[in-house]
Amino acid sequence: MKQIILLTILLTLNLFSQELKIKAKVFNSDEKTGISIFKGDVHVTKGSDVLNAQKVVIYTDKDHNPTKFVASGDASFKIQTVDGSLYEGKAQKVIYIPSKKIYNFYKNVHLMQVNEKKEIIGEEVILKLIEGKAYAKGAEKEPVIMIFNMPEKNKEKEK
């Protein structure tokens, strides 16, 4: 029965143009509540996007379409936005809302935009894939840290 439910979830998740693949040590699902839980070295891939965590919970609607992904426990990720920007990072908790293509990262967040060499470090970061926008908040006693490269002008050209 669990294999049928897993197959149904994977097929409905394939509504996206890319295949979703999940590997984990343990899998549990409850069709009535629409909740599937993957535990133990969870590895999720969809196209070029990768998510690793100790636990991933997938919430689905009555038609078995995914509405929310929640990853927790030393999550790491690689994400590509609609415009092609590449992000890598880590956080203690990651929530992804597929209908809005929005990622929410929580606790000890380190997000790096690879192709722009920008980094955001904070306690809460929101990444909107469609708009290519990011928002961040620091902890109560810690500020948000933004790091980016500033190319220096060639000093010989200035002479």
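The values are calculated or read from the model by the stated rules, or taken from the named source; none is laboratory data. Bear in mind the structure is a predicted one, so any value in this text is a computation, not a measurement. Here Cβ is always computed from backbone atoms with ideal geometry, including for glycine, and neighbour counts include all displayed protein chains.
Looking only at residues of region 1-44 that are exposed (fewer than 12 other Cβ atoms within 10 Å of the Cβ) and acidic (Asp, Glu), we find that the one that is modelled with the lowest pLDDT is Glu19.
I need the full set of residues from region 45-55 which are crowded, with 16+ Cβ neighbours inside 10 Å and not hydrophobic (A, V, I, L, M, F, W, C), in order please. Listed by number, the residues that qualify are Thr45, Lys46, Asp49, Asn52, Gln54, Lys55. Just one residue in the set Val56, Val50, Val109 is part of a strand (DSSP E or B) and at pLDDT 95 or above; that residue is Val56. Across region 99-125, the number of residues qualifying as surrounded by fewer than 17 Cβ atoms within 10 Å (Cβ to Cβ), within 16 Å of Phe69 (Cβ to Cβ) and over 10 Å from the mean Cα position of the chain (by Cα) comes to 2.
Out of everything in region 126-137 that is out of contact with any Asp or Glu (no Cβ under 8 Å at 6 or more places or on another chain) and crowded, with 19+ Cβ neighbours inside 10 Å, what residue ends up being modelled with the lowest pLDDT? Step by step, filter region 126-137, then rank; the result is Ala134.
Determine, yes or no, whether Gly89 is in contact with a strand residue (DSSP E or B) (Cβ under 9 Å, 6 or more places away or on another chain), surrounded by fewer than 18 Cβ atoms within 10 Å (Cβ to Cβ) and not aliphatic (A, V, I, L, M). No.
Contact map, region 111-138: residues that are under 13 Å from Glu88 (Cβ atoms) and touching a residue at least 40 places away in the same chain (Cβ under 8 Å) paired with residues that are polar (S, T, N, Q) and assigned to a strand (DSSP E or B), Cβ distance under 9 Å, separation 6+ or inter-chain. Pairs shown: Leu127/Asn104. Considering each residue of region 59-98, count those that are under 12 Å from the mean Cα position of the chain (by Cα) and either among the polar types (S, T, N, Q) or assigned to a loop (DSSP other than H, G, I, E, B) (or both), and give that number. So the answer is 6.
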